[in-house]
Amino acid sequence: MSEPRKISAFSTTDGTRFLVPVNYLTVKRVRELCGVNVLDILGPGEQLSGFLADDVKLLEVVCAVVRPQLKELNWSDDQFFSVVDGEVIRSATNCLMDEVTEFFPEPRKGLVAKVIAKVRAAAATLEARQVETVEAAISQADFALALQTHGSKASTSPELSESSRGRSRSANSRGCREAASTKTGCTPHS
């Protein structure tokens, strides 16, 4: 009898480790909680770009994937989201892609693996271009002039300080939320 395959895992910023199992129960749960088929995330079309381009959407999917583990920890979605940063989401995304690939039998597994390799290569190329663009913009920017202009107008303007008096923030801007379920189905922990 062969040894069971190890399931991919990622760790949050606080060191909590989460397994990323992709099976039919996971597919069903993600569909119910997020309205998407997790297996289509790696398919062609808008599913792929929509999720890989939106970290919050992607994190909602990951949250649904690890939902049983969150329940065991008695964590809310907010608790989970609060211990995720850019590196964690990158790791979780890679785990999810790897596990979706492993879900399929051959020859489809090989085809999905090719798609993932192309997506990863394209993402790396895009990231490198973005870094080059930002570095060029930083090197060409005249920060001294920008600070002089900002400091001479904004910080000493009586009109600005008068116009900001008496304003109140809306309930939404204060982050007020009902204690109801979030989109992915987890209620905040009391």
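Read-outs throughout are calculated quantities, based only on the coordinates presented, and are distinct from any laboratory measurement. From a predicted model like this one, the values you see are computed outputs, not experimental measurements. Every residue, glycine among them, receives a Cβ derived from its backbone with ideal geometry; neighbour counts consider all protein chains shown.
Starting at 0 and stepping by 5 Å, how many percent of the alpha carbon pairs of segment 61-100 end up in each bin?
6, 22, 31, 25, 15, 1
If I histogram all Cα-Cα distances within segment 9-103 using bins 5 Å wide from 0, what percent of pairs lands in each bin?
2, 14, 27, 28, 19, 7, 1, 0
Could you work out the relative contact order of segment 9-103, using alpha carbon pairs under 8 angstrom and six or more residues apart, expressed as a whole percent? Write out the running numbers ahead of the final one.
Values: 90 pairs, mean separation 38.6, N = 95.
Relative contact order, segment 9-103: 41 percent.
What are the aspartates and glutamates whose alpha-carbon lies under 14 Å from the alpha-carbon of K28, with same-chain residues fewer than 8 places away excluded?
Within the straight-line cut-off, K28 pairs with D40.
Peptides 68-79, 118-129: what's the order by average Cβ count within 10 Å, highest mean first? Each step should come with its number before you reach the end.
Values: 68-79: 15.2, 118-129: 11.1.
Output ranking for 68-79, 118-129: 68-79, 118-129.
So how strong a dipole does segment 9-103 carry about its Cα centre when Lys and Arg Cβ are +1 and Asp and Glu Cβ are -1, to the nearest 20 debye? Don't skip to the end; give the middle numbers.
On the way: 8 positive and 15 negative charges, 63 e Å.
Charge dipole, segment 9-103, about its Cα centre: 300 debye, nearest 20.
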